[in-house]
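One structure is given below, encoded as structure tokens.
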Amino acid sequence: MNKMKAFFLRSRRWLAVLMIGLMSLGSLAFVNNYFELSKNIEIFTSLYREVNTYYVDEIDPAKFMRTGIDAMMKSLDPYTDYISESEIEDFRFMTTGQYGGIGSLISKKEDDVIIADPYEGFPAQKADLRAGDILLEVEGQSMKGKSTEDVSKLLKGQPRTEVKIKISRLGEPKPLEKVLIREEIKVESVSFSGMINEEVGYINLSGFRTNAANEVLKAFNDLKKQGMKKLVFDLRGNLGGSLDEAIRISGIFVPRGSVVVDTKGKVKEWDKTYRTTNEPSDVNMPMVVLIDGSSASASEIVSGVVQDYDRGVVIGQKSFGKGLVQTVRPLTYNTQVKITTAKYYIPSGRCIQAIDYSEKDANNRPVKKADSLRTAFKTRNGRVVYDAGGVSPDIATDVRQLNNITAVLVGKRHVFDYATIYRSKHASISSPETFKITDDIYNDFLAYIKDKDYDYTTESEKLLNDFKEKATKEQYFDAISAEYDALMEKKKRDKSQDIQKHKDEIKYFLEQEIVSRYYYQKGRLRASFNDDVEIKEALAVLNDEAKYKSILKPN
């Protein structure tokens, strides 16, 4: 009897297992994944414990764990990231543009930290801190040898609190002491807006931070009051930001209820279609959107919406190609994780993500989709556009390549330092639009750099040096040394003339740097209008109605 009972009990257990198995076939993959996850978490925990206990030297547990976390995140994509408690404030600034401080960029110059770019209207500028000022002390502490991160922490703080600093300024015999009152610094997303001419308005959007849409809307309405009939909307260098702000900004230019973007990911319940919800400000005004290789994410949504609805003409270079959506999830101990949770698809149905991070090549590098494999889609008017690889402009312009001499003069801070000297000698200059580097100023700049290091090695010189090295090893160089020396001497003479050959380009950067000392970031933008290739192209298109309309017609 006991054997029979045991048999029936075993049978019932096996039947129950069989029934559960049949009912759960659809979730088998989930069970397997969960098991693998649990198993590997246990392995990770035991490995961490063993290494921490028995490794020959002491281990910093937080640093050790962070190394592992960063490596895990890096294996996915560049946008999935762990945010520690100490990094929360920096992350908040990235998303909102807000922090408590003095309102200035700082940078390292040899062993000193200097004021690099004060923000107009904030404590640094109000206290007359200038680009080029050397920070000697903050709250009595010497800044010599400090990193910019260390100095930044001392300058930041609660709004309405004091911070005492001591600076050294060119032309001043003694250090200057200043007391600044920290403020809530809000870096505006609209860097500048104004009229280029009597009809064409210009809005430069540097990021999609909190309130960006309201800033764009205000700028747009203000320009209309000034007589704007056509718009240049500049998204160059705009790395993106808030998806919500991108949707609201798109809604300024396209009809209410228009699809802006679809997001699709692994969690199907999170898939969503985003539409504009407000009445637009203007759906007919001719407009040009400027983009470049640094226009990414939210910038690509807005420029893609304009292109897919044939709402305006896109000019510049192909955008970055970031079609991934990140969601911030809370973790324990006031930490967070930013996870890529979906891909976004703009109105034509295309996803402009350029790199597939789920596929790796033989060197474990993510694969970029070849142009030949891109899929064609159509805009509202029937124009052909393509996915995977960013937004391709309707009118393409070349990337501005700096000549070697200009790159060195800018990179070694000679242009920056000369602007500091110029500011110390001149109390004011004319408006950004009219200020020009005269020959006298340029010659003064040449005199300044006469004893400075601005040598550089060209690609052709590298090749010649490689040739000499290999020819010497092969014992052929002695026979051609005279010709080689003559060629190198001629090359040296040509390089010495570069500073005159590329005078116009060097002048442009001198103008930009000097103007920024008096008119700050907005002045730098205003000064660039006359020499800006994309703006010139935009004005040409906006002033030619027939060409503008023909671009938006079907291919």
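The values are calculated or read from the model by the stated rules, or taken from the named source; none is laboratory data. Just so it is clear, the structure is predicted and the values come from calculations on it, not from any experiment. Glycine also receives a Cβ, built like all others from the backbone with ideal geometry; neighbour counts cover every protein chain displayed.
How about the range 184-207: which of its residues are polar (S, T, N, Q) and within 17 Å of residue 225 (Cβ to Cβ)? Before the answer, list the steps.
So the first thing to find is which residues in the range 184-207 are polar (S, T, N, Q), and the list is 189, 191, 193, 197, 204, 206.
Within the range 184-207, 193, 197 meet the criteria.
Name the single residue, out of those in the range 325-365 being basic (Lys, Arg) and loosely packed, with under 15 Cβ neighbours inside 10 Å, that is nearest to residue 80 (Cα to Cα).
Here is the first cut: in the range 325-365, the residues basic (Lys, Arg) are 329, 338, 343, 350, 360, 365.
Retained after the next criterion (residues that are loosely packed, with under 15 Cβ neighbours inside 10 Å): 329, 360, 365.
Details: 329: 11, 360: 17, 365: 16 Å.
Among those that are basic (Lys, Arg) and loosely packed, with under 15 Cβ neighbours inside 10 Å, it is 329.
Which residue out of 188, 245 is of a type in the set (Asp, Glu), within 24 Å of the chain's Cα centre (by Cα) and in a loop (DSSP other than H, G, I, E, B)? Working first, answer last.
Working: 245 fails: in a loop (DSSP other than H, G, I, E, B).
None of the other options fit; the residue is 188.
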**Complete:** Only unsatisfied item for residue 90, checking (1) touching a residue at least 60 places away in the same chain (Cβ under 8 Å); (2) not assigned by TED's automatic domain parsing to the domain that holds residue 133, is (1)
**Item:** Matching residues in the range 224-239 - criterion: being of a type outside the set (Lys, Arg) and surrounded by fewer than 21 Cβ atoms within 10 Å (Cβ to Cβ)
**Value:** 226, 227, 237, 239
**Request:** Exactly one condition in (1) in contact (Cβ under 8 Å) with a residue 60 or more places away in the chain; (2) within 30 Å of residue 539 (Cα to Cα); (3) in contact with a strand residue (DSSP E or B) (Cβ under 8 Å, 6 or more places away or on another chain) is not met by residue 120; state its number.
**Result:** (3)
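Looking only at the range 132-146, filter to residues that are of a type in the set (D, E, K, R) and assigned to a loop (DSSP other than H, G, I, E, B); which one of those is farthest from residue 98 (Cα to Cα)? Full working, then the answer.
Of all residues in the range 132-146, those of a type in the set (D, E, K, R) come to 133, 137, 139, 144, 146.
Add one more test, that the residue is assigned to a loop (DSSP other than H, G, I, E, B), and what stays is 133, 139, 144, 146.
Details: 133: 24, 139: 23, 144: 28, 146: 24 Å.
Once the filter is applied, the top-ranked residue is 144.
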**Message:** Conditions first: (1) touching a residue at least 12 places away in the same chain (Cβ under 8 Å); (2) outside any strand (DSSP E or B); (3) among the β-branched types (Val, Ile, Thr). Residue 56 passes all but one, so which condition is the exception?
**Reply:** (1)
**Asked** Which members of the range 147-175 meet the condition of being at pLDDT below 95, outside any loop (DSSP other than H, G, I, E, B) and either over 26 Å from the mean Cα position of the chain (by Cα) or among the basic types (Lys, Arg) (or both)?
**Response** 153
**Asked** Only one residue in 399, 391, 415, 385 is farther than 21 Å from residue 235 by Cα and either in contact (Cβ under 8 Å) with a residue 12 or more places away in the chain or surrounded by fewer than 18 Cβ atoms within 10 Å (Cβ to Cβ) (or both). Which one?
**Response** 415
**Complete:** For the range 214-230 the number of residues that are over 19 Å from residue 312 (Cα atoms), assigned to a helix (DSSP H, G or I) and of a type in the set (S, T, N, Q) is 1
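Condition check: farther than 21 Å from residue 517 by Cα, exposed (fewer than 12 other Cβ atoms within 10 Å of the Cβ) and of a type outside the set (S, T, N, Q). Does residue 172 satisfy that?
Working: farther than 21 Å from residue 517 by Cα: no; exposed (fewer than 12 other Cβ atoms within 10 Å of the Cβ): yes; of a type outside the set (S, T, N, Q): yes.
Against the criterion (farther than 21 Å from residue 517 by Cα, exposed (fewer than 12 other Cβ atoms within 10 Å of the Cβ) and of a type outside the set (S, T, N, Q)), residue 172 does not qualify.
Do we find that residue 406 is under 29 Å from residue 344 (Cβ atoms) and either out of contact with any Ser or Thr (no Cβ under 8 Å at 6 or more places or on another chain) or basic (Lys, Arg) (or both) in this structure?
On the way: under 29 Å from residue 344 (Cβ atoms): no; either out of contact with any Ser or Thr (no Cβ under 8 Å at 6 or more places or on another chain) or basic (Lys, Arg) (or both): yes.
Here the answer is no, as residue 406 does not meet what is asked.
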**Looking only at the range 130-157, and only at residues there that are among the acidic types (Asp, Glu) and in contact (Cβ under 8 Å) with a residue 12 or more places away in the chain, the one that is surrounded by the fewest Cβ atoms within 10 Å (Cβ to Cβ)** = 139
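Results for (1) touching a residue at least 40 places away in the same chain (Cβ under 8 Å); (2) touching a helix residue (DSSP H, G or I) at 6+ places or on another chain (Cβ under 9 Å), shown as yes or no for each residue.
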{"position": "192", "(1), (2)": "yes, yes"}
{"position": "201", "(1), (2)": "no, yes"}
{"position": "214", "(1), (2)": "no, yes"}
{"position": "219", "(1), (2)": "no, no"}
{"position": "231", "(1), (2)": "yes, yes"}
{"position": "236", "(1), (2)": "yes, yes"}
{"position": "239", "(1), (2)": "yes, yes"}
{"position": "248", "(1), (2)": "no, yes"}
**Asked** For the range 248-287, what are the residues that are assigned to a helix (DSSP H, G or I) and over 26 Å from the mean Cα position of the chain (by Cα)?
**Response** 268, 269, 270
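Counting only residues that are within 28 Å of residue 289 (Cβ to Cβ), give me the helices (runs of 4 or more DSSP H) lying completely in the range 496-549 with at least 3 of them.
Details: elements: 498-501, 503-528, 533-542.
Passing ranges, in order: 503-528, 533-542.
A quick yes/no check of all residues on (1) modelled with pLDDT of 95 or more; (2) closer than 22 Å to residue 163 by Cα:
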residue: 82; (1), (2): no, no
residue: 90; (1), (2): no, yes
residue: 94; (1), (2): no, no
residue: 102; (1), (2): yes, yes
residue: 107; (1), (2): yes, yes
residue: 116; (1), (2): yes, yes
residue: 120; (1), (2): no, yes
